[in-house]
Amino acid sequence: MHPFPLAFAVQANQLVVGGERVGALVERVGSTPLYVYDRAVMSERIATLRQALPAGLHLHYAVKANPMPAVLRHLAGCVDGFDVASGGELTLALEAGMAAQRISFAGPGKRREELEQAVAAGVQISVESESQLAAVAQVGARFGLRPRVAIRVNPDFELKSSGMRMGGGASPFGIDAERLPILLSRLDGEVLDFRGLHVFAGSQNLSAVAIAEAQQHTLALAGRLAEHVPGPLHSLNLGGGFGIPYFPGDRPLDLAEVGARLAQSMMPMPPALRETQLIIELGRYIVGEAGLYLCRVLERKVSRGQCFLITDGGLHHHLAASGNLGQVIRKNYPVVVANRVISSEPETPATVVGPLCTPLDRLAVDMPLGHARVGDLIGILQSGAYGLTASPTGFLSHPLPQEVLV
Ligand SMILES: *Cc1c(COP(=O)(O)O)cnc(C)c1O
């Protein structure tokens with residue numbers, strides 16, 4: 001059915017999420033469209049990560065991948081920390097029960113109120129520029145506090161074959177590595193509680209070799225930079241970038257290979273990093289495969305020989321599946337008829353669209369879904385990350401979908 005293994009089983013020809021068949025699940029929730037997230041899949045991903053990665057490494061969750069409060073409450077008990085990228089996410093992280101000392105706050109362009117919130121809460125601020133560093137110091141002085149800071153480094157290398165590259169050249173993220181020796185040696189430990197370094201070089205990468213190379217470069221770079229720090233380097237956030245398969249031909253990331261190569265890169269550790277806590281921060285790898293977007297077929301329409309399934313869901317809820325969230329060429333996400341997975345008749349192609357009055361609103365193009373009937377549920381897999389909150393929900397003023405954690 002699909003070129004890679006899916007996180008959900010099929011029972012009585014229906015997808016099963018969190019032990020429930022989708023038909024019963026939708027009846028219980030009461031309406032479509034909806035996002036459903038399976039907590040067992042998240043826990044399983046985390047267990048797999050912990051097993052594959054070197055012991056003692058800390059695992060952080062990047063909240064922007066999926067900030068649903070119930071998801072955060074679940075993950076707060078499974079990971080070692082949260083990474084947030086706004087004052088709003090910081091509030092969600094604290095409300096989910098994550099301890100302030102285990103939260104780090106990244107992002108260019110932090111507003112004064114956000115810095116004040118972060119300093120007062122005592123979270124670690126990943127500083128992205130020299131002027132942000134000065135602003136944090138000012139807030140600390142005004143509050144009579146010593147803000148906890150890490151410096152985000154704009155590395156002098158890139159994460160190769162990455163979905164989104166964020167290093168190697170000019171960047172709004174982090175401080176250029178070559179400026180850091182002087183900046184680090186001048187840090188005033190009385191004003192700032194300097195904790196460590198943060199390097200995030202890219203996202204959605206399926207190559208273990210590329211990820212391992214970036215990690216190796218990060219360790220070497222941090223090892224050199226740490227020698228300029230007056231005190232010890234408490235933590236080093238190595239970034240993440242672990243991808244998940246979305247499209248035909250995507251091969252799942254070889255996690256064992258990533259772990260083995262990282263262990264190798266840590267032997268020996270650069271002397272300045274021997275006491276340093278290493279951190280990996282991941283978003284989509286933890287939640288992406290745990291999520292399913294479900295919408296209902298409102299109409300089945302044939303136009304000039306092509307079958308269109310018109311649904312109550314669309315790009316206003318799931319921009320990424322429509323191909324409009326940064327993709328260069330539109331490719332189909334894995335999409336199934338969730339309550340009638342396998343057709344009893346020979347399969348015919350169909351295109352799944354939403355209710356929006358724009359030709360961009362396509363959730364699947366020419367996929368073998370032609371057996372779907374009016375009232376059936378279309379399920380988009382790999383939808384747990386960058387789904388609802390990465391979509392233009394105000395566009396065309398349709399209702400919001402529900403979100404449920406099972
Ligand atoms: C978005 C982001 C992440 C998470 O990226 P994923 O591809 O979802 O794993 C991690 N760290 C930082 C700094 C980010 O901005």
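The values are calculated or read from the model by the stated rules, or taken from the named source; none is laboratory data. Keep in mind that this is a model prediction, so the values were computed, not measured. Note that each Cβ is placed from the backbone with ideal geometry, even for glycine, and that neighbours are counted across all protein chains shown. Side chains included, ligands, DNA and RNA excluded: accessible areas come from the protein's heavy atoms. Shrake-Rupley method; radii C 1.70, N 1.55, O 1.52, S 1.80 Å.
Taking Cβ atoms as reference points and 14 Å as the exclusive limit, the residues near residue 33 contribute a net charge of -3, counting Lys and Arg as +1 and Asp and Glu as -1.
Straightening the chain between residue 395 and residue 254 buys 46.9 nm, computed as 0.36 nm per residue apart minus the Cα-Cα spacing.
By accessible area, using a 1.4 Å probe on protein heavy atoms only, segment 42-135 has 53% of its surface on carbon and sulfur.
The charge dipole of the chain, taken about its Cα centre with unit charges on the Cβ atoms of Lys, Arg (+1), Asp and Glu (-1) only, comes to about 340 debye. Straight-line reach from residue 160: taking Cα to Cα under 14 Å and skipping same-chain neighbours fewer than 8 places apart, the aspartates and glutamates in range are 213. Cβ-Cβ distance of residue 306 and residue 220, R₀ of 56 Å, FRET efficiency by 1/(1 + (r/R0)^6): the value works out to about 0.55.
For residue 202, the residues whose modelled amide H falls within less than 5 Å of its own, excluding neighbours fewer than 5 places apart on the same chain, are 166, 240. Here is how the number arises for the chain: DSSP H runs of 4 or more residues each give -39500 (n - 2.57), the sum is divided by the residue count, and the result at 222 nm is -7500 deg cm²/dmol.
Applied to segment 101-112, the Karplus parametrisation 6.51 cos²θ - 1.76 cosθ + 1.60 on θ = phi - 60° returns per-residue 3J(HN,Hα) values of 5, 9, 10, 10, 10, 9, x, x, x, 7, 6, 4 Hz, with x for Gly and Pro. Suppose R0 equals 41 Å; then what is the FRET efficiency for residue 27 and residue 130 from their Cβ-Cβ distance, rounded to the nearest 0.05? The computed FRET efficiency comes out at 0.15. Between residue 51 and residue 143, the modelled labels are 4.1 nm apart [label points 7 Å from Cα along Cα→Cβ]. Classify the chain: rounded, prolate or oblate, from the alpha-carbon gyration tensor (a ≥ b ≥ c, eigenvalue square roots; a/c under 1.5 rounded; otherwise prolate if a/b is larger than b/c)? The shape class here is prolate. Amide H to amide H distances under 5 Å link residue 58 with 278, 279, 280, where only residues 5 or more positions off or on other chains count and H is placed in the peptide plane.
Annotation: per residue accessible area for the chain equals 42 Å², rounded to a whole number [probe 1.4 Å, protein chains only].
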